[in-house]
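First comes the structure, then the notes that go with it.
The values are calculated or read from the model by the stated rules, or taken from the named source; none is laboratory data. All figures in this text were calculated on a predicted structure; none of them were measured in a lab. Backbone-built Cβ (ideal geometry, glycine too); neighbour counts: all protein chains shown. Areas reflect the complete protein model, heavy atoms only, side chains present, ligands, DNA and RNA absent. Shrake-Rupley method; radii C 1.70, N 1.55, O 1.52, S 1.80 Å.
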Amino acid sequence: MRWRDAWLFAARSVRRRIGRALLTVLAIALAAALLSSLLIAGGVARERVLNEVSRGGPLTGIRVDAAAPDPGALDTDAPPPGAPKSIDETALSTIRELPRVRSVTPVVLHPVWVMAADPVVRADAIGVPASVSTREPPIYRDAIVGADLRHANDLPITLLAGRLPAIDAPDEVAVSVGYLRRLGLTSKQADAVVGTEIEYGSPRLFTNDGGNGIETLRGRWARAEIVGVVAQDAGNGDVLAPLAQVQAARDWTLSGVDPSRFGIGVSAYSALFVVADGLDSVTPVRQAITRVGYSTSAPESLIAQVERYVRVVEIVLGGIGTIALVIAALGIANALLAAVRERRREIGVLKAIGGRDRDVRRMFLLEAAMLGTLGGVVGAAAGLAIARTLAGFVNRYLEQQGYAGVNVGVPALIVALTIGGSVVLALVAGTLPAQRAARLPARRAMGDR
Amino acid sequence: MRARRAVVAFVVAVFGAFGVAACSGSDDRQSPASSSADNATRPFTLVALGDEATSLLQSESSIRQSWAQQFFLRGVPRSTSFVNLAQQSSTVAAARGAQLAVVRQVRPRVVVVLLGLDDVRAGERIGMFTDEYSGLLADLKAAGVDRILVATLPVAAGAVAPYNAAIRAEARRAGAVVVDLATRSVGGSVDARFGVFVPDADGQRTIADAFVAAYRGAFPDA
């Protein structure tokens, strides 16, 4: 018997007992949907929890402060920094060249006056109280955080609305949740400020302005469009801008008299964000940076602990789904055993006209594979739909709490595993009935009727 | 047969449900891309020179009221940076000494000037005032400033007519743009602390409007 004939026989058998076949497929689909939705939910939850722990940055991120290490607290996740120490270009390149370092992103923090432009929210913003849009835009002293946004993924930054500033944009910034709070907005209303403007002024001290020895403070003001809102832990400031913008502001302040009065140290960079090439590399990289002479912090212990807990939860969820799938496989075995009983005469005729044992076995295994494939495909689609529906509810809750939502894509690996697993289980479940049908003697099969 | 159809219908309905679930600017603003390109080729800095009428440094909240800050906000492209060098009790001669030193460091493309009110208060001789104003504009030119806007003095500030005539003449000679405040009603009063005319919030807005209109008129590319 050719493969094509075996397929036709199997398909005809499914068609002839369509009700039973559909019920069997439904059982597999439900089990596969349960397995895939649990695995997807577990994966998304894992990613979200670890993202929260690492504050939006990479799990292997290490913060390097412009300070010497505290020798008494090297083994902790966040040791108190020691005495201030400059991070210059030499230190930057030394750290970049350390083994097991994937990337190093410098950050500059600069003191500024921040002045929200009128209007503080977009005219078409929805759900913003009138008291917010009509109030006097605030002016306050804060800091602007400059970072090389080519490596934004390597920084502890989570986008809440809009987008990040373009890498070299001279007039684009993102603001943090702190800015929203100053306007009286919540992070749920983040979108309302996207498209508005701010002005920020960098201070500089002049002496002998009028030849009288009096010191005068001058601001260098810049205007920028707010293109996004972020939750960020890269630096203690409400405004996030491309590095070049902040360096220009910093150069202005440094050109004046005694910039240390504005809290500006001699360090070219306020901090570095180092990404190690794996979780196992975080400790050795931190030790190497400590040897170079800088204080580091990284939530490595916390991440390792959370990963262990999440792994246990994933195993439990996967186990529940697998049990459901095994029960569904037993359903396939049961359905095929019933089919063997009902089709003894057909098997006998097949053997009488020259059909071999392996032809009969192949026919039943193909029928099992068909049911498994169909159930797996439908189940994977249903699982994805269930996971997305659940994500919708979760996102609504997270947004109410002021957190970024979760994103359920199409996890190809889980979909492939669900379909593949369903097929394999169906084949395993179909082996016994197929074997029994194959070994049935032709005479006995015919005579029983 | 009927039972079989019912089972088929039920299964199809369940699958169907799963299937459904599964399928379930204003003219002074430029686009970020174009402003980035402009800035990459020509860094643009604006500087304001002035006295009490321009400095307004009594409090942080008054920064927003300053006509120079308003001009920065409404008159020039967003990628411009702005430095206000205005200083209290600053005659034209004093500004040449103190404020111009910073202009040379900053190397601005645009300078807006509202000076002369302290000269009026001090009763500076017109000849001296004219010389100093002429020197100021020449110094600005020498510092590489290619867009200079100078304002005449509001009539509410006192006997300003001869000073304004000098400002107009020197501006014409230097190729600077004249922003005529003498023909506008600039709200304000003589500040008791400085003894000089200081525009109020409405006056600051009027001055800013005049500068914006003059700038756009003289430099349509802005």
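Things to note:
- The residue list B:170, B:124 contains one member that is crowded, with 21+ Cβ neighbours inside 10 Å and either away from chain A (no Cβ under 14 Å) or small (Gly, Ala, Ser) (or both), which is B:170.
- Checking residue B:113 against (1) aliphatic (A, V, I, L, M); (2) closer than 15 Å to residue B:148 by Cβ; (3) surrounded by fewer than 21 Cβ atoms within 10 Å (Cβ to Cβ), the condition it does not meet: (3)
- Any hit, the range A:70-81, residues being among the acidic types (Asp, Glu) and part of a strand (DSSP E or B): no
- Single residue of the range B:75-98 satisfying the filter (modelled with pLDDT of 90 or more and part of a helix (DSSP H, G or I)) that is farthest from residue B:115 (Cα to Cα): B:75
- Odd one out for residue A:105, checked against (1) of a type in the set (Val, Ile, Thr); (2) part of a loop (DSSP other than H, G, I, E, B); (3) at pLDDT 75 or above: (2)
- Yes/no for residue A:132 being surrounded by 15 or more Cβ atoms within 10 Å (Cβ to Cβ), within 14 Å of chain B (Cβ to nearest Cβ), closer than 26 Å to residue B:70 by Cα and of a type outside the set (Ser, Thr, Tyr): no
- The single condition from (1) at pLDDT below 90; (2) more than 25 Å from residue B:200 (Cβ to Cβ) that residue B:156 fails is (2).
- Being in a helix (DSSP H, G or I), open to solvent by 50 Å² or more (accessible area, probe 1.4 Å) and either in contact with an Asp or Glu (Cβ under 9 Å, 6 or more places away or on another chain) or farther than 16 Å from residue B:54 by Cα (or both) holds for only one residue in B:184, B:205, B:193, B:216, and it is B:216.
- Residue pairs meeting the criteria (Cβ under 8 Å; at least 6 apart or on separate chains; first at pLDDT 80 or above, in the range B:185-198; second loosely packed, with under 13 Cβ neighbours inside 10 Å and assigned to a strand (DSSP E or B)): B:197/B:189; B:198/B:189
- Within the range A:144-172, being in contact with a Lys or Arg (Cβ under 8 Å, 6 or more places away or on another chain) and within 14 Å of chain B (Cβ to nearest Cβ) holds for A:167, A:171.
- Any chance residue A:348 is more than 26 Å from residue A:27 (Cα to Cα) and surrounded by fewer than 15 Cβ atoms within 10 Å (Cβ to Cβ): no
- Residue within the range A:279-290 that is away from every other protein chain (no Cβ under 14 Å), polar (S, T, N, Q) and open to solvent by less than 10 Å² (accessible area, probe 1.4 Å) present: yes
- Filtered by the rule that a residue be open to solvent by 10 Å² or more (accessible area, probe 1.4 Å) and within 19 Å of residue A:245 (Cβ to Cβ), the range A:144-153 gives A:148, A:149, A:150, A:151, A:152.
- Count of residues meeting criterion [crowded, with 24+ Cβ neighbours inside 10 Å and within 14 Å of chain B (Cβ to nearest Cβ)] in the range A:354-383: 8
- Residue count for the range A:380-425, restricted to those that are over 11 Å from residue A:32 (Cα atoms), among the hydrophobic types (A, V, I, L, M, F, W, C) and within 16 Å of the chain's Cα centre (by Cα): 10
- Residues in the range A:403-441 that are open to solvent by 30 Å² or more (accessible area, probe 1.4 Å) and at pLDDT below 75: A:403, A:405.
- Hits in the range A:126-149 (condition: touching a helix residue (DSSP H, G or I) at 6+ places or on another chain (Cβ under 9 Å) and at pLDDT 85 or above): A:139, A:140, A:141, A:142, A:144, A:145, A:146, A:147, A:148, A:149
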